[in-house]
Structures are given as C-alpha cells and as structure tokens.
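Below is one structure, written out as structure tokens; comments come after it.
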Amino acid sequence: MAKTTYLQQFNRDPLTVSEYLQRRFAERIADIEALSKNDATFREICSDYEEASAWMADHCHSGSPLTLKCDRYRELVGELEGEIIEALKDAVF
C-alpha cells in the first residue's frame, strides 16, 4: 500500500511549486520548475522541503510543546535548502 504524504493529506500537488519554495527561492522558481520536470530526485527533495516546511508552519509557534522536534525540523529544512541550492547550481538549463 502506498504511503500518503503530508502534502497529499491536504490535496496539495507535490509537483506544484508551493508557497514555501516560492518564499525561499523566489528568484529561482523558473529553474526549480524546469529541473523538477526532468529530475525525480530533485522533485523528491522539493517535496520533502514542502512537507517539512508545512509541518513547521502547523506546529512550530511560540509556546509549542514540540520545541525539540521543531529544532530537528528546522535543521532538516536547512539541509534540504542546501540540497536544492546545490542541485540548482549543478543543473544545466
């Protein structure tokens, strides 16, 4: 049985550039869309970034009892941002 992702729970299309990618990489959206069309690994990285960012938006706010988990998600989002940046740097358009 296929696993339902966080994005699928809310009927978000993982191939659509969402608000989180748009906010962080506004100047590279066209490049992200182009690379996503041909690179399944890059799509997965972007999907993971979206999922982690959405989780943080839902759960990491002042007074949240999930401080340690939020810290781990912040670290994950930072690592995924680095992977996105490296993939865009290495891509040929």
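With Cα atoms as the point set, the stretch 7-90 shows a radius of gyration and Dmax of 13.1, 41 Å. Once C-alpha pairs closer than 8 Å and six or more residues apart are averaged by separation and normalised to the residue number of the stretch 7-90, the relative contact order reads 30 percent. With the simple model of a label 7 Å out from the Cα in the direction of the Cβ, residue 79 to residue 29 spans 2.9 nm. For residue 60, no residue whose modelled amide H falls within less than 5 Å of its own remains once neighbours fewer than 5 places apart on the same chain are excluded.
Every number here is computed from the coordinates shown, using simple stated rules; none is lab data. Values in this document were obtained by computation on a predicted structure and should not be read as measured data. FYI the Cβ positions are ideal-geometry reconstructions off the backbone, even for glycines, and counts take in every protein chain you see.
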